[in-house]
Amino acid sequence: MAVSVFLSHNHRDKDFVRKLARDLENHGVRYWLDEAEMKIGDSLIQKIREGIDSVDFFAVILSPNSVDAPWVINELDVAMNQQIN
């Protein structure tokens, strides 16, 4: 069974994250990436919670763009709360 990871990132790092996702996939790692998993009309919060809950690992892509990014902080908060529960 493949290991899976949620890739939390800032949208300004999207090119790097797409390359990382391809590299992970080439090494047998499943990834959860917002643009691959979400459709128009989906509840953003609900899909993120489901995505975090469905993976083995949560990875924050740290960059100057992501350090203070509200959505990255929110995703990290969700992941930490789900880990505690």
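The numbers here are math on the coordinates, done by the rules we state, and not lab data. Predicted model only: the values in this text are computed from it and were never measured. When we count neighbours, we look across all protein chains shown, and the Cβ atoms used for this are built from the backbone with ideal geometry, even at glycine.
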Out of everything in segment 1-22 that is within 13 Å of the chain's Cα centre (by Cα) and not in a helix (DSSP H, G or I), what residue ends up being surrounded by the fewest Cβ atoms within 10 Å (Cβ to Cβ)?
Ser4
Looking at segment 48-74, I want the residues that are without any contact (Cβ under 8 Å) to a residue 40 or more places away in the chain and have a partner that is surrounded by 13 or more Cβ atoms within 10 Å (Cβ to Cβ) and among the hydrophobic types (A, V, I, L, M, F, W, C) with Cβ atoms under 8 Å, at least 6 apart or on another chain. Which pairs are those?
Ile48/Val78; Arg49/Val78; Asn74/Ile48
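Would you mind finding the one in Ile52, Ile73 that is hydrophobic (A, V, I, L, M, F, W, C), in contact with an Asp or Glu (Cβ under 9 Å, 6 or more places away or on another chain) and surrounded by 13 or more Cβ atoms within 10 Å (Cβ to Cβ)?
On the way: Ile73 fails: in contact with an Asp or Glu (Cβ under 9 Å, 6 or more places away or on another chain).
Ile52 is the lone residue from the list that is hydrophobic (A, V, I, L, M, F, W, C), in contact with an Asp or Glu (Cβ under 9 Å, 6 or more places away or on another chain) and surrounded by 13 or more Cβ atoms within 10 Å (Cβ to Cβ).
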Quick check on Ser43: is it touching a residue at least 40 places away in the same chain (Cβ under 8 Å) and more than 22 Å from Val3 (Cβ to Cβ)?
no
Report yes if Val29 is surrounded by 13 or more Cβ atoms within 10 Å (Cβ to Cβ), on the phi < 0 side of the Ramachandran plot and over 12 Å from the mean Cα position of the chain (by Cα), otherwise no.
yes
Is there a residue being among the acidic types (Asp, Glu) and farther than 16 Å from His11 by Cβ anywhere in segment 29-37?
no
